[in-house]
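S.K.: Below you will find the structure I want to go over with you.
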């Protein structure tokens, strides 16, 4: 301890004080700032994905009056439409706009305004009846009503666009189920082999091999599914549609296996050795220990791994885009083509007009996907962190 | 008899687990073999260095390779410094149990699991529509230049996607720098910052390298984030400025396989392009795995 009482050493309180270094001060502040960047990015993703989806709900207020006006006297609509010259207001109209889809440049609302006038006066009945059918009952509904979003038809590019998300949801769930039924058993059993039976040298080989599979770009897996697997399964089962939910599901399983394997394997190796030793000491064989001690002890971790796998499958775009055929169908048949949420965004976003309703609905789908994967991951993390660690520590100490 | 049954049951269950491992490895080998066999004939030097011709039914993929390389370069410049600094903060400054550290960790993990298509949407909503429009209005008086898909926005979107990869790798490497080294440096009178610069960073060089390689491999292969932030179907010229669109290998594979006018005729080109992409990511991953493996071994 160097204090004022030992002056011989040449130190005093002043000289021992930490010198203020400006460059270090700045560097440390920069690092702190940068570290918050990831939090900021997450928040920004939240904000901006929702912000672009918001117009769907945002324009709810002026709608009722307009709707009634329209249903009474269709002529007034033309005026209302012309009045809304700005692209934002226009964007939220769900009217028929085949003309705009042809044009790619987002900055031609003026041209469109002129077009609508004519196209609407040409067929006011269609619009009128559609409006009544869709929004007639409720006066508080937004432009794309909840009823429309919950509908069973997805026809964004048509005279009377329908943004029913149900078929997309069914498609997503179907793919997820198929992929999970294939990926989960394979990945969990493989993890069990790696954790319980494989000698250390073999484990050192299995883990990087699975990492290699995780490193395959999803577009490569999609390409493989499209070119090789689709033909192979068609020859095998002899069904009609070459690209279907089953092919997509199998391909998606390839993407989900690495993540389920890795998490499960980590959890299984973390099962305390005393569990296994106790089991072996009681006379259980190795496989009994593996299946009846290690596997049950790791259950929360396996559950978390499956949740992470589901999150991966839900958000995967390229594989479904390439391998499922992308037809919007509701059916229980695994050999029919399906369309998922992610694939819809991937396929249609490039063709929509910025600020359009279709554009907003696609962002809404993105927001749903984001919330969903976010929740899944939060639950998975909770399971690993709380349940598992508590279970392992609580019982060993 | 019972003992026999027991053994048979065990044998079946163990072979089931072993079979799963074999199945996974077989799939990897199968994918690699099919793509190598189908693509290798077309894979020539000329294919790599020439432009697509005749509506992309002939010729090479040079612009796609160039575009991917350029995008990955910009992405690395953005992601690696930020990722490294975040990792340094988390391991050197923030205490493990503090709320800040926990929330940053949670954010990084969340970022790692956000679906890649969401990054694409974010790139469109934030970079192109918000930042791009803002830049156009501010600098160019409303002229349309930045508020449209280009290589800069695509690269930055990809940088966000690969940020967690870098952070995790670097942090892992920083943790392997022994505490004694840090304490020795501090005991000699070095400040915390000097210790980080002279002891911690050199000690985690391999982690930064691994992180960079993994990020490149990931960024080169991802397609969903660049679908509507900058990738182009076909360009006759190479991108020369940050506001140009670019061709990318992954996107090229996707459109050739799904939207090309003549899918069957261009099959060899598709396989060869996929092979190039696969070889690129595969080689990068392999290098990263080897570095990490050797690094871990040395530390033990």
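The values are calculated or read from the model by the stated rules, or taken from the named source; none is laboratory data. None of these values were measured; they are calculated from a predicted model. Every residue, glycine among them, receives a Cβ derived from its backbone with ideal geometry; neighbour counts consider all protein chains shown.
S.K.: Here is a list: A:215, A:238, A:222. Which entry is closer than 24 Å to residue B:215 by Cβ and at pLDDT below 90? It would help to see each step written out before you state the result.
M.R.: Details: A:238 fails: closer than 24 Å to residue B:215 by Cβ; A:222 fails: at pLDDT below 90.
Result: A:215 is the single residue among A:215, A:238, A:222 that is closer than 24 Å to residue B:215 by Cβ and at pLDDT below 90.
S.K.: If you don't mind, another one. So which residues in the stretch B:106-165 are in a helix (DSSP H, G or I), free of Cβ contacts under 8 Å to residues at least 40 places away in the same chain and within 20 Å of residue B:235 (Cβ to Cβ), if there are any at all?
M.R.: B:132
S.K.: Okay, next question. Which of the residues that make up the stretch A:263-290 are over 28 Å from residue B:6 (Cβ atoms) and free of Cβ contacts under 8 Å to residues at least 60 places away in the same chain?
M.R.: A:266
S.K.: Let me ask something else about it. Picking from B:85, B:70, which residue would you name as being touching a helix residue (DSSP H, G or I) at 6+ places or on another chain (Cβ under 9 Å), farther than 25 Å from residue B:265 by Cβ, crowded, with 18+ Cβ neighbours inside 10 Å and more than 8 Å from chain A (Cβ to nearest Cβ)? If you could, list the steps in order and put the result at the bottom.
M.R.: Details: B:85 fails: more than 8 Å from chain A (Cβ to nearest Cβ).
Only one candidate qualifies: B:70.
S.K.: Just to be sure before I move on: is residue A:205 touching a residue at least 40 places away in the same chain (Cβ under 8 Å) and surrounded by fewer than 22 Cβ atoms within 10 Å (Cβ to Cβ) in the structure I sent? Don't jump to the end; show me each part of the working.
M.R.: Values: touching a residue at least 40 places away in the same chain (Cβ under 8 Å): no; surrounded by fewer than 22 Cβ atoms within 10 Å (Cβ to Cβ): yes.
So residue A:205 does not fit the description; no.
S.K.: Just for helices (runs of 4 or more DSSP H) wholly inside the stretch B:181-300: which have at least 2 residues that are within 12 Å of another protein chain (Cβ to nearest Cβ) and buried (at least 21 other Cβ atoms within 10 Å of the Cβ)?
M.R.: On the way: elements: B:192-195, B:205-221, B:249-258, B:267-299.
Answer list for the stretch B:181-300: B:205-221, B:249-258, B:267-299.
S.K.: Can you tell me which residues in the stretch A:234-258 are farther than 15 Å from residue A:338 by Cα and either within 14 Å of chain B (Cβ to nearest Cβ) or crowded, with 22+ Cβ neighbours inside 10 Å (or both)?
M.R.: A:253, A:254, A:255, A:256, A:257, A:258
S.K.: Also: Scan the stretch A:335-360 for residues that are buried (at least 24 other Cβ atoms within 10 Å of the Cβ) and in contact with a strand residue (DSSP E or B) (Cβ under 9 Å, 6 or more places away or on another chain) and jot them down.
M.R.: A:338, A:339, A:344, A:357
S.K.: Before we move on, is residue B:33 surrounded by fewer than 16 Cβ atoms within 10 Å (Cβ to Cβ) and either within 29 Å of the chain's Cα centre (by Cα) or farther than 30 Å from residue B:182 by Cα (or both)?
M.R.: For residue B:33, the condition - surrounded by fewer than 16 Cβ atoms within 10 Å (Cβ to Cβ) and either within 29 Å of the chain's Cα centre (by Cα) or farther than 30 Å from residue B:182 by Cα (or both) - is met.
S.K.: Further question: Scan A:303, A:363 and give me the residue that is crowded, with 20+ Cβ neighbours inside 10 Å and either at the interface with chain B (Cβ under 10 Å from one of its Cβ atoms) or part of a helix (DSSP H, G or I) (or both). Outline the logic, then answer.
M.R.: Working: A:303 fails: crowded, with 20+ Cβ neighbours inside 10 Å.
Criteria check complete, one pass: A:363.
S.K.: In addition: Of the residues that sit in the stretch B:1-21 and are surrounded by 12 or more Cβ atoms within 10 Å (Cβ to Cβ) and over 44 Å from the mean Cα position of the chain (by Cα), which one is modelled with the lowest pLDDT?
M.R.: The selected residue is B:6.
S.K.: Then there is this: Those residues that are in a loop (DSSP other than H, G, I, E, B) and in contact (Cβ under 8 Å) with a residue 24 or more places away in the chain, I need them from the stretch B:32-88; list them, please. Let's see the steps before the verdict.
M.R.: Of the residues in the stretch B:32-88, the ones in a loop (DSSP other than H, G, I, E, B) are B:40-44, B:50-51, B:54-57, B:60-61.
Listed by number, the residues that qualify are B:40, B:41, B:42, B:43, B:51, B:55, B:56, B:57, B:61.
S.K.: Moving on to the next point. Please go through the stretch A:241-282 and give me each residue that is part of a loop (DSSP other than H, G, I, E, B), out of contact with any helix residue (DSSP H, G or I) (no Cβ under 6 Å at 6 or more places or on another chain) and modelled with pLDDT under 90, ordered by number. Reasoning before the result, please.
M.R.: Step one: list which residues in the stretch A:241-282 are part of a loop (DSSP other than H, G, I, E, B), which gives A:241-244, A:271-272, A:282.
Cutting the leftovers down to out of contact with any helix residue (DSSP H, G or I) (no Cβ under 6 Å at 6 or more places or on another chain) gives us A:241, A:244, A:282.
Answer for the stretch A:241-282, where residues must be part of a loop (DSSP other than H, G, I, E, B), out of contact with any helix residue (DSSP H, G or I) (no Cβ under 6 Å at 6 or more places or on another chain) and modelled with pLDDT under 90: A:241, A:244.
S.K.: Output the residue which, of all residues in the stretch A:218-233 that are free of Cβ contacts under 8 Å to residues at least 60 places away in the same chain and within 9 Å of another protein chain (Cβ to nearest Cβ), is nearest to the chain's Cα centre (by Cα). Don't jump to the end; show me each part of the working.
M.R.: Within the stretch A:218-233, the first condition is being free of Cβ contacts under 8 Å to residues at least 60 places away in the same chain, and the residues that meet it are A:220, A:224, A:227-228, A:231-233.
Add one more test, that the residue is within 9 Å of another protein chain (Cβ to nearest Cβ), and what stays is A:220, A:224, A:227-228.
Values: A:220: 20, A:224: 23, A:227: 26, A:228: 27 Å.
Only one residue fits best here, namely A:220.
S.K.: Exactly one of these conditions fails for residue A:330: (1) at the interface with chain B (Cβ under 9 Å from one of its Cβ atoms); (2) under 21 Å from the mean Cα position of the chain (by Cα); (3) not in a helix (DSSP H, G or I). Give me its number.
M.R.: Here residue A:330 meets the rest and fails (1).
S.K.: Same structure, new question: Take the residues in the stretch A:154-163 that are within 21 Å of the chain's Cα centre (by Cα) and over 23 Å from residue A:249 (Cβ atoms); name whichever of them is surrounded by the fewest Cβ atoms within 10 Å (Cβ to Cβ). Full working, then the answer.
M.R.: Step one: of the stretch A:154-163, the residues within 21 Å of the chain's Cα centre (by Cα) are A:154, A:156, A:163.
Checking the rest, the ones that are also over 23 Å from residue A:249 (Cβ atoms) come to A:156, A:163.
Numbers: A:156: 21, A:163: 24.
Of everything passing the filter in the stretch A:154-163, A:156 is surrounded by the fewest Cβ atoms within 10 Å (Cβ to Cβ).
S.K.: Residue under question is residue A:332, and the condition is that it be farther than 17 Å from residue A:391 by Cα, touching a strand residue (DSSP E or B) at 6+ places or on another chain (Cβ under 8 Å) and at pLDDT below 90; does it hold? First the steps, then the outcome.
M.R.: Values: farther than 17 Å from residue A:391 by Cα: yes; touching a strand residue (DSSP E or B) at 6+ places or on another chain (Cβ under 8 Å): no; at pLDDT below 90: yes.
Answer is no for this residue.
S.K.: Now for a separate question. Every residue in the stretch B:103-128 that is over 27 Å from residue A:256 (Cβ atoms) and more than 7 Å from chain A (Cβ to nearest Cβ), please.
M.R.: The initial filter retains those residues of the stretch B:103-128 that are over 27 Å from residue A:256 (Cβ atoms), namely B:103-104, B:125-128.
Within the stretch B:103-128, B:127, B:128 qualify.
S.K.: Criterion first (over 19 Å from residue B:63 (Cα atoms), away from every other protein chain (no Cβ under 11 Å) and surrounded by fewer than 21 Cβ atoms within 10 Å (Cβ to Cβ)) does residue B:176 satisfy it? Write out each step before concluding.
M.R.: Working: over 19 Å from residue B:63 (Cα atoms): yes; away from every other protein chain (no Cβ under 11 Å): yes; surrounded by fewer than 21 Cβ atoms within 10 Å (Cβ to Cβ): yes.
It is true that residue B:176 is over 19 Å from residue B:63 (Cα atoms), away from every other protein chain (no Cβ under 11 Å) and surrounded by fewer than 21 Cβ atoms within 10 Å (Cβ to Cβ).
S.K.: Further, regarding this structure: What residue, among those in the stretch A:29-50 that are within 7 Å of another protein chain (Cβ to nearest Cβ) and touching a residue at least 24 places away in the same chain (Cβ under 8 Å), is farthest from residue A:354 (Cα to Cα)?
M.R.: Among residues in the stretch A:29-50 that are within 7 Å of another protein chain (Cβ to nearest Cβ) and touching a residue at least 24 places away in the same chain (Cβ under 8 Å), the one farthest from residue A:354 (Cα to Cα) is A:45.
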